[in-house]
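To start, the structure itself, in structure tokens.
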Amino acid sequence: MALMTGAEYIESLRKLNTRVYMFGEKIDNWVDHPMIRPSINCVAQTYELAQDPQHEDLMTATSHLTGRKINRFANIHQSTDDLRKKVKMQRLLGQKTASCFQRCVGMDAFNAVYSTTYEIDQKYGTQYHENFKKFLIYIQDNDLVVDGAMTDPKGDRSRAPHAQDDADLFVRIKERRPDGIVVRGAKCHQTGSVNSHWHIVMPTIAMGPDDKDYAVCFACPSDAEGMYMIYGRQSCDTRKLEEGADIDLGNSKYGGQEALVVFDDVFIPNEYIFMAGEYDFAGMLVERFAGFHRQSYGGCKVGVGDVVIGAAALAAEYNGVEKASAVKDKLIEMTHLNETLYCCGIACSSEGHPTASGSYIIDLLLANVCKQNVTRFPYEIVRLAEDIAGGLMVTMPSEKDFKSDTVVGRNGETIGEICNKFFVGNGKCTTEERMRVMRFLENICLGAAAVGYRTESMHGAGSPQAQRIMIARQGNIQGKKQLAKDIIGIR
């Protein structure tokens with residue numbers, strides 16, 4: 001099958017029977033729901049850009065399994081060049097959508113599961129790697145979106161999965177059958193789950209012998225029997241439900257989404273099982289997925305940052321202060337921080353190396369340094385953008401006020417005329433253009449888009465402490481002490 005277009009992807013979602021709930025009610029036509037559709041538009045861009053000859057080198061790859069042309073989001077990295085192109089592709093998509101385009105978690109899951117299943121099979125003589133390769137070929141050939149589902153609710157985080165008061169707080173194997181397993185539990189904060197054709201479920205932490213039933217990795221279609229999703233709220237999300245909403249949305253076309261994904265006794269056939277009790281490999285799978293996903297943030301968040309910097313520069317221009325030295329310095333600092341994140345993404349990719357399976361993995365230390373910086377720098381970029389934009393970003397009247405024909409002035413001026421009069425900029429832009437920039441920055445800094453930029457920068461791919469743990473583990477302090485001893489002369 002040829003690569004799908006964006007329109008074909010959207011139509012393919014209509015064929016699914018995915019169960020989606022929002023505000024306590026089932027959403028039957030979730031594909032066209034105004035709160036969900038912007039996130040679908042984002043994923044559609046991963047298809048549209050793959051059709052563009054200008055971006056073909058970044059957006060597509062050649063499958064090492066079949067030799068056929070595939071979307072890079074379904075690729076298994078075969079070199080450091082593949083790893084670098086992944087980051088560049090993510091930056092491009094961030095620039096085109098100014099949002100989370102939701103397909104990275106599946107790509108990162110593919111690569112983590114591919115190498116880990118190979119090593120499980122080497123130790124235990126299982127068939128997980130072959131299962132996964134057959135599944136991946138199906139995904140590649142049909143150009144499908146897969147959600148990588150790792151984060152469990154966790155409950156009491158001081159307890160292991162088996163020690164929770166409620167056994168379902170981590171996804172687990174409830175029943176083992178000759179033809180497969182039955183799973184129960186949930187995955188939360190799942191980016192792009194509603195918009196995916198399939199899910200890959202992975203364990204979320206390293207595990208011990210008592211957690212054997214929780215050490216499970218599998219694939220299932222998004223509309224599997226017993227599986228449903230509860231859509232997550234975002235700040236200012238109900239603006240999308242307002243009639244004629246456009247400018248007030250900030251980014252009306254694109255957006256991200258998260259959901260709680262529930263597995264209510266879902267049957268998984270043997271062919272889609274990639275781990276079922278091999279607890280000693282749970283930590284490896286988590287570590288590799290986390291590393292790949294922390295690398296991703298050196299691309300996607302940088303692309304969005306490019307747009308934020310551009311919007312801040314526009315706001316300065318429309319306010320008439322673009323030549324002020326203080327404003328120039330703030331834009332320089334935003335650029336410096338953003339490019340530093342990109343450097344980290346490229347560095348951990350360039351220092352990648354092959355795994356036992358032959359696929360390539362990033363340098364885990366540098367990937368965690370990348371994500372640690374992402375937990376900080378976007379917050380400063382946003383702060384500087386707010387500083388440049390000014391308070392109007394959060395005090396401006398609504399779009400309806402700017403278009404209102406209600407008469408309020410003594411000379412017959414309407415509310416719309418009054419708003420357009422008093423919120424005019426430097427004369428080089430219309431009031432509406434200035435308003436659009438302000439609303440966009442509000443959306444990125446505080447609104448729905450902040451979920452996919454600012455807050456996701458903090459908690460996506462693990463909290464800051466998770467990266468610090470990995471940095472401590474990968475930092476080789478003992479080796480550095482020996483370097484000092486050798487130079488100082490200490491035996």
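Annotations
- Number of residues in the range 31-63 that are open to solvent by 10 Å² or more (accessible area, probe 1.4 Å), in contact (Cβ under 8 Å) with a residue 60 or more places away in the chain and more than 18 Å from the chain's Cα centre (by Cα): the value is 1.
- The number of residues in the range 255-314 being under 19 Å from Gly180 (Cβ atoms) and part of a helix (DSSP H, G or I) comes to 3.
- Of the residues making up the range 129-177, those that are assigned to a loop (DSSP other than H, G, I, E, B), among the basic types (Lys, Arg) and within 20 Å of Asn270 (Cα to Cα) number 0.
- Any chance Tyr360 is farther than 28 Å from Gln257 by Cβ, among the hydroxyl-bearing types (Ser, Thr, Tyr) and either touching a residue at least 24 places away in the same chain (Cβ under 8 Å) or surrounded by fewer than 20 Cβ atoms within 10 Å (Cβ to Cβ) (or both): yes
- Ala98 without any contact (Cβ under 8 Å) to a residue 40 or more places away in the chain, surrounded by 15 or more Cβ atoms within 10 Å (Cβ to Cβ), in contact with a Gly (Cβ under 9 Å, 6 or more places away or on another chain) and more than 22 Å from Phe132 (Cβ to Cβ): no
- The range 31-125 holds helices (runs of 4 or more DSSP H) entirely within its bounds, and those carrying 2 or more residues that are under 21 Å from Gln190 (Cβ atoms) map to 37-48, 80-97, 104-124.
- Those residues of the range 373-406 which are over 37 Å from the mean Cα position of the chain (by Cα) and either surrounded by 13 or more Cβ atoms within 10 Å (Cβ to Cβ) or over 27 Å from Glu243 (Cβ atoms) (or both), in sequence order: Ser404
- Subset of the range 330-365 (residues that are under 13 Å from Gly291 (Cα atoms) and in contact with a His (Cβ under 7 Å, 6 or more places away or on another chain)): Tyr360, Ile361
- Any hit, the range 474-491, residues being open to solvent by 50 Å² or more (accessible area, probe 1.4 Å), under 30 Å from Gln190 (Cα atoms) and either touching a residue at least 12 places away in the same chain (Cβ under 8 Å) or not in a loop (DSSP other than H, G, I, E, B) (or both): yes
- The requirement of being closer than 20 Å to Val105 by Cα and of a type in the set (A, V, I, L, M, F, W, C) is fulfilled somewhere in the range 162-173, by at least one residue.
The values are calculated or read from the model by the stated rules, or taken from the named source; none is laboratory data. Bear in mind the structure is a predicted one, so any value in this text is a computation, not a measurement. Backbone-built Cβ (ideal geometry, glycine too); neighbour counts: all protein chains shown. Each accessible area value is taken on the protein alone, full model and side chains, heavy atoms only, with ligands, DNA and RNA left out. Shrake-Rupley method; radii C 1.70, N 1.55, O 1.52, S 1.80 Å.
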